[in-house]
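For reference, the structure discussed in these notes is given below.
The values are calculated or read from the model by the stated rules, or taken from the named source; none is laboratory data. Quantities reported herein were computed from a predicted structural model and do not represent experimental measurements. Here the Cβ positions follow ideal geometry from the backbone for every residue, glycine too, while neighbour counts run over all protein chains shown.
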Amino acid sequence: MDTMPSNHEILCYLLGESTGHGGMSAADVQRAIEQNGETGARAGILQAMLGDLGRAANLESLFDVASPRLSRLAQATLPGKVGTVSIVDRLIASTALLTFDSWKASPALSGFRGNATSRDLKFAAEGWEIDLQITLERAAIAGLVSGTVTVVGRVSGSHVACKASLIWPEGTRLESEVDSEGFFEFSVETGQFQLLLEGESGSVSVPNLMLEMD
Amino acid sequence: MSAEDSQLLSQCLAGDEQAWYRLVGLHGGLVFAVARRAGVPEHACDDIAQRVFASLSRSLGKIRNEQTLPAWLITTTKRQAWRWVKTQRSAGATLGTGAEAIGNEHFDVEDLERHAQLRRALSALEDKCRELLQLLYFVARTDYEQVSRTLGMPIGSIGPTRARCLAKLAHLMENSELKIGRDTKRKERK
């Protein structure tokens, strides 16, 4: 046989469909596939495509991303405007302001003075109230004083937070679930962080939270 | 590198913001798919995707011609996902979150890449073909009766139309340097 079947005719053969009036018969397509290497290779490619399509429904859920989510992602990562911290968070989170400091000193959030080991802070943003109790455990290792900071927080207000995150300047993130009473807790080495609280109706950020020793 | 990806990368390098939105729209699904398949929970996938595209935006001029953009995105997403999993592991003892999904990591990235290619080829089809193939292959358990009702097509014409639309899909994939041929060889080796 001299005539090579088209992709459409091969697909009809593979799917068990008629090629319609004037099309090559299934027997002729089969013969071409068996006898002609090029046609056989094309049939293999089309069979592979049908195999991929057969798995498409299962894979599709993995690829499903709502358009607004992708638009926000594109906006957050525009070339030339990318920083080193979580930009999506910056875009979506309102910023909480300090309203209370147990030391009643400057509102700068850095440092544990002298031998003091704890400090209470309150922050507020629209619909959010955040109470933090920060406790420092000092340790002397090889002559260097270092510390572990425990942050126990409670979030309240009209928003309901379900996740709390500490985010390091280079972008590393440590997460904690917020319980039904609004409590969350972290235990970390001293350093500089951003605290992010996320809920279904929004999120709030406490940027530049420096937990260091004087 | 497909011609469209190459052009989009050039436009992004030239500061075309719309090209960046198009690029993220085209490949965002693949990045989320790799992260999800790696066991990253949904709430953390945005963060992973952001890191991947932030990295891409800084590397626009460095992606080699012989490397496809989907392959670069898959590799970068896998690294970010693994890093995320590692961080969760180290924090899991005290925080108790995320660790349960870590042991299930298993994904065939070629499956994901080929699916991404199918989706792209499908999006370039005319409306009638795209709707038909989406219903038949991309939505689970859609039979001819449902397709007939949804698209207003006689049941008898669905089969022949499907074959014609699949031929157009194959043509699009051949012309966009997609990898169905390589896939055949991979399957033959198994």
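Might you check whether a residue that is modelled with pLDDT under 50 and either in contact with a helix residue (DSSP H, G or I) (Cβ under 9 Å, 6 or more places away or on another chain) or in a loop (DSSP other than H, G, I, E, B) (or both) occurs anywhere in the range B:167-177?
No, that holds for no residue.
Would you point out the residue of the range B:35-64, among those that are within 8 Å of chain A (Cβ to nearest Cβ) and among the basic types (Lys, Arg), that is nearest to A:Ile167 (Cα to Cα)?
Across the range B:35-64, the extreme among qualifying residues is B:Arg51.
So in the range B:109-148, with the set limited to residues that are acidic (Asp, Glu) and under 17 Å from A:Ala48 (Cβ atoms), which one is surrounded by the fewest Cβ atoms within 10 Å (Cβ to Cβ)?
Of everything passing the filter in the range B:109-148, B:Glu110 is surrounded by the fewest Cβ atoms within 10 Å (Cβ to Cβ).
When only residues in the range A:182-201 that are more than 14 Å from chain B (Cβ to nearest Cβ) and in contact with a strand residue (DSSP E or B) (Cβ under 7 Å, 6 or more places away or on another chain) count, which is surrounded by the most Cβ atoms within 10 Å (Cβ to Cβ)?
A:Leu195
Tell me, please, whether a residue that is at pLDDT 90 or above and at the interface with chain B (Cβ under 9 Å from one of its Cβ atoms) can be found in the range A:25-41.
yes
What are the pairs with Cβ atoms under 9 angstrom where one residue, in the range B:6-34, is more than 9 Å from chain A (Cβ to nearest Cβ) and part of a helix (DSSP H, G or I) and the other, located anywhere, is β-branched (Val, Ile, Thr) and buried (at least 17 other Cβ atoms within 10 Å of the Cβ)? Sequence gap at least six, or different chains.
B:Leu9/B:Ile63
Against the condition in a helix (DSSP H, G or I) and either among the basic types (Lys, Arg) or touching a Phe, Trp or Tyr at 6+ places or on another chain (Cβ under 8 Å) (or both), how does B:Ile48 come out, does it pass?
yes
So A:Asp52 passes all but one of these: (1) farther than 17 Å from B:Gly159 by Cα; (2) more than 7 Å from chain B (Cβ to nearest Cβ); (3) surrounded by 17 or more Cβ atoms within 10 Å (Cβ to Cβ). Which condition number does it fail?
Of everything listed in (1) farther than 17 Å from B:Gly159 by Cα; (2) more than 7 Å from chain B (Cβ to nearest Cβ); (3) surrounded by 17 or more Cβ atoms within 10 Å (Cβ to Cβ), A:Asp52 misses just condition (2).
Please tell me if B:Thr94 is assigned to a helix (DSSP H, G or I), of a type in the set (Val, Ile, Thr) and at pLDDT 85 or above.
It is false that B:Thr94 is assigned to a helix (DSSP H, G or I), of a type in the set (Val, Ile, Thr) and at pLDDT 85 or above.
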